[in-house]
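Shown next, in structure tokens, is the structure this report addresses.
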Amino acid sequence: MKLVYCIHSTYNPGGMERVLLNKVRYLVAKGGYEISVVTTDQKGRPSFYPFPEEVKMTDLDINYTDDKFKDPLTKITEYFRRKRLHKQRLTAYLKETKADIVISLYPCESSFIPSIKDGSKKILEFHQCKLVRLCYDRKGIIGLTDKIRTKQDERMVRRFDRFVVLTEEDKGYWGDLPNISVIPNAALAIPFKKSDLSAKRVIAVGRLDHQKAFDRLIKAWSLIPLSSRSGWRLDIFGQGEWEDMLKNMIQEMGLSDSVRVNKPTQNIFDEYTASSFLAMTSHYEGFPMVMIEAMACGLPVVTFDYPCGPKDIITDGVDGLIVKEGDLQAFADAMARLMGDENLLSSLSTEAPKVVERYSERIVMEKWENCFRSIL
């Protein structure tokens, strides 16, 4: 079976990139699949995660991100120019490749890829949630545009042979679509030791941007009484446009002795096992890979009840703590509770790795293979 995955790029250390890597590794190892990965903004940069040499990597040289800091009119004009070029080059590529199935992971091609008549079936794999734009709660014209585009998404996803979301919660937001399926991300069985909870360290992992909202985490950290967080530290791992802002925030709030922003690492599992619990303050997620990876390493999770993921993955009070969305004081209290209660921390840690049983790679990839066979 010939598969083509379409994604923005693979040079970032993101969850979507890691999920894609895990899938293609599994399929290559199993055999019977010829896999290609097509990017738009790679620019010759190496993949952050090493893909198997059997996977054909192709970049279309569209480079949407080149316009990121241009004036609004230029950005709009260039976006539509690049999108036309994207469609032309992807169409030519797919007609030459003659794939059986093309899977889109990136919004730009999702608007036009069903109209490419290359003989392949088309799947949209949605790594966010339906409410992604509405989570910004923007006002005025921009807010109205967010609502309109969310409605347009409802029409767009119907054009695919299969529309895959990551959680039952997100499926509920989309409604009873005839082509919708739920296939979560897999929790890999980690071949490393589990955390022994001896390190007085809280870990947070993700891109340094609005979505991951580490500003909320830093503010919540500052609300924990000094007596409760004495000897503890918070380590944030990531990169992104908020890096300088977050570092300045840490300094201005007098937290430099206990909070640190670190570069991404390919050995993130070593960092999980050198921590005692994970903190997640995102505004939204599709399916938080960081959460299940940390839990697989024995880390309980303190998380806001954002859409989507926490309610699908965590049983509150059993393998983690779910806090009302946006309640910083409650989040601080939950972290302080784990810092001060070794028995609770140990109990949650014992249950956390069972996430691997619920979202095992074998179970998840069987769902994907059944999906492929069903649409062919």
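For residue 228 and residue 265, the FRET efficiency from 1/(1 + (r/R0)^6), where r spans their Cβ atoms and R0 equals 25 Å, is about 0.35. The phi torsions of the range 160-174, fed into the Karplus equation with coefficients 6.51, -1.76 and 1.60 and a -60° offset, translate into couplings of 8, 5, 8, 10, 10, 10, 9, 9, 5, 4, 5, 4, x, 5, 7 Hz, rounded to whole numbers, with Gly and Pro shown as x. Applying both filters, DSSP loop and at most 11 other Cβ atoms within 10 Å, to the trypsin sites (Lys or Arg not before Pro) of the range 298-343 gives 324.
Using DSSP to call loops (not H, G, I, E or B), can you name the trypsin sites (Lys or Arg not before Pro) in the range 1-47 whose Cβ has at most 16 other Cβ atoms within 10 angstrom?
43
Using the Karplus relation 6.51 cos²θ - 1.76 cosθ + 1.60 with θ = phi - 60°, the per-residue 3J(HN,Hα) values for the range 103-116 come to 10, 9, 10, 10, x, 4, 7, 5, 6, 10, 5, x, 7, 7 Hz, with x marking Gly and Pro.
Distances between placed amide hydrogens fall under 5 Å for residue 37 paired with 5, 56, 57, 58, all partners being 5 or more residues away or on another chain.
Annotation note: GluC sites (Glu not before Pro) in the range 229-305 located in DSSP loop regions with a Cβ neighbour count of at most 16 within 10 Å are 241. Hey, in the GNM for the chain with a 10 angstrom Cα cutoff, which one of 76, 322, 363 fluctuates hardest? Residue with maximal mean-square fluctuation among 76, 322, 363: 76.
Relative contact order, whole percent, for the chain stands at 15, derived from Cα pairs under 8 Å and 6 or more residues apart. When a/c reaches 1.5 or more, the comparison of a/b and b/c decides; with that in mind, is the range 1-105 rounded, prolate or oblate per its Cα gyration tensor? Oblate is the answer for the range 1-105, as a/c is 1.5 or above yet b/c matches or exceeds a/b. Of the cross-linked pairs 263/367; 70/324; 194/367; 98/354; 151/367; 56/87, those separated by over 31 Å at the C-alpha level are 263/367; 70/324; 98/354. Taking amide H as placed 1.01 Å from N in the peptide plane, the amide H of residue 2 sits under 5 Å from that of 34, 100, 101, each at least 5 places away or on another chain. Under 1.5 on a/c is rounded, so check that first for the range 201-358, then, if it is not, pick prolate when a/b is larger than b/c and oblate when it is not; a ≥ b ≥ c are the square roots of the alpha carbon gyration tensor eigenvalues. Verdict is rounded for the range 201-358.
Close amide-amide hydrogen proximity is noted between residue 262 and 236, 237, 238, each under 5 Å apart and 5 or more residues distant or on a separate chain (H modeled in the peptide plane; Pro and chain starts excluded).
Bear in mind these aren't lab numbers, they're just calculated from the coordinates by the rules spelled out. Since we're looking at a predicted model, the values are computed, not measured. In this analysis, Cβ positions are derived from the backbone assuming ideal geometry, glycine residues included, and neighbour counts consider all displayed protein chains.
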